[in-house]
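Visitor: Got a structure for you, written out below as C-alpha cells; questions coming shortly.
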Amino acid sequence: MTIALIAHGGAGRWRPGSDEDAVEGLRRAVEAGRAILLAGGSSLDAVCATVVALEDDPIYNAGTGAVLNFDGFCELDASVMESDGARAGAVSGLQRVRNPVLVARKVMEETDHVMLTGDGAQRFARVMGFPDHDPVTPERRADWFDKRNRVDEVLGEKALRMRRFLREHPEYAGGTVGAAAVDSRGVLAAATSTGGVTLKMVGRVGDSPVPGAGNYASAHVAASATGTGEFVLRSLATRAISERVEAGAGLDVAVQAVLDRLGADYDADVGLIAVGRDGLTVARHRTRDMPHAFFRGESAVASRMRVGDR
Ligand code: GLY
C-alpha cells in the first residue's frame, strides 16, 4: 500500500507576518508523521504525532495557544478515529491538558466510551497520567481582553452575530488542526484538535470531537474539517465525503462536492482535508487561507498556505 499523510492548521485568514510560520509548522508536523509511516508505523501513531506537534506550537488554535471562551479560559475539543474496527475516541470541553488528542486516543483505547466531556474528561486525563497544564498563552490572553472589552462591537446585536463577526474577521476562528493518514497496511486514521471559536459560550462543543462531523476514518477515506464547527456538525461533512467515495466518486470530486454543499447550504467558512486508501490526498477550503502539508509514498513533504499556491 502507498503511505500518505495530509494535515491542516485551520481554515481562516492568517495575520500578515504569520503565514510563513504557519506553513513551516505544518511541514514540521507532517515530517513527524512521515517518519513514523516510513518506519512502518501505524496511521494512528502518525496522525497523533502530527497533531501533537501542532498542539504544542502556540501559533495554532489547539492545545497550547488555543483560543479562550467567553469567560476567559480554554475548553479543548479533540478526537481520533481509525478505520480498523471503526474505533473512535474524543474529548470535549477539556481543560488544562497539554495534548487533548492523546487523551482522546486514551478514551478510544482504555474505555468503553467514544467521548468524555468537561470535568469527567479532565478526571480521566489525570487518572491516565496527563499532568496539569495551562494552555493559555499571553498572546491569546491579550487578544481575549481586547475582544472582551469590545464585546458589543465584536458580537453585535443580532442572532447570527458570531457568524457575521467571523465572516468579517475570519482570522479569528482559524487554527483548528487535523491530520489524516493511510499506513502500509491500508489502515486509515484521522485526528483533529481545537480550542473552538473565540468568545464561544462556556460549554459550547464544536465539530472536531464528533465522529463524522469534524473527524472521520472509514475503510475508504480519512478526513478532518476546519472552520465554523456548527456548519460542519449540521452537514456531517467528513462522513459525507466517505459516503460519496464509497458510492464511487473520486476523492477530489467527493471533497469538492461536500465543500460546495457547505457553501450552498450555509455559505460556510470551512476547509477539508482527506486521504484515500490509495494514498491520494486532497485539500479544499472556502476561506482565503488554510495552511496544509502533505506527502505520498517516497515523496518529500509539500506545504502551502492555500490550495493553488506553489
Ligand atoms: N472547527 C472547530 C470548531 O468550530 O470548534
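Visitor: Quick one: which of Ala219, Ala274, Ala268, Ala254 is away from the ligand (no atom under 13 Å from the Cβ), open to solvent by less than 10 Å² (accessible area, probe 1.4 Å) and in contact (Cβ under 8 Å) with a residue 40 or more places away in the chain?
Guide: Answer to the check: Ala274.
Visitor: Of the conditions (1) within 18 Å of the chain's Cα centre (by Cα); (2) part of a helix (DSSP H, G or I), Phe145 satisfies every one except a single condition; which number is it?
Guide: The single condition Phe145 does not satisfy is (1).
Visitor: Does Arg239 count as assigned to a helix (DSSP H, G or I), open to solvent by 10 Å² or more (accessible area, probe 1.4 Å), within 16 Å of the ligand (Cβ to nearest atom) and modelled with pLDDT of 95 or more?
Guide: yes
Visitor: Continuing with the same structure: Right, Ala189: under 21 Å from the mean Cα position of the chain (by Cα) and at pLDDT 70 or above or not?
Guide: Yes; evaluated as a whole, the condition is true for this residue.
Visitor: List pairs: first residue in segment 184-202 and within 14 Å of the ligand (Cβ to nearest atom), second residue open to solvent by 10 Å² or more (accessible area, probe 1.4 Å) and of a type in the set (Lys, Arg) anywhere in the structure, Cβ distance under 7 angstrom, at least six positions apart or on different chains.
Guide: Gly196/Arg204; Thr198/Lys147; Leu199/Lys147
Visitor: Which condition breaks for Glu230 when tested against (1) more than 10 Å from the ligand (Cβ to nearest atom); (2) open to solvent by 50 Å² or more (accessible area, probe 1.4 Å); (3) acidic (Asp, Glu)?
Guide: Glu230 satisfies all of (1) more than 10 Å from the ligand (Cβ to nearest atom); (2) open to solvent by 50 Å² or more (accessible area, probe 1.4 Å); (3) acidic (Asp, Glu) except (1).
Visitor: Can you pull out the residues in segment 206-216 that are under 20 Å from Tyr266 (Cα atoms) and more than 8 Å from the ligand (Cβ to nearest atom)?
Guide: Of everything in segment 206-216, those that are under 20 Å from Tyr266 (Cα atoms) and more than 8 Å from the ligand (Cβ to nearest atom) turn out to be Val210, Gly212, Ala213, Asn215.
The values are calculated or read from the model by the stated rules, or taken from the named source; none is laboratory data. From a predicted model like this one, the values you see are computed outputs, not experimental measurements. Glycine gets a Cβ as well: all are built from the backbone with ideal geometry, and neighbour counts include every protein chain shown. Please note that ligands, DNA and RNA were not included when accessible areas were found on the heavy atoms of the full protein model with its side chains. Shrake-Rupley method; radii C 1.70, N 1.55, O 1.52, S 1.80 Å.
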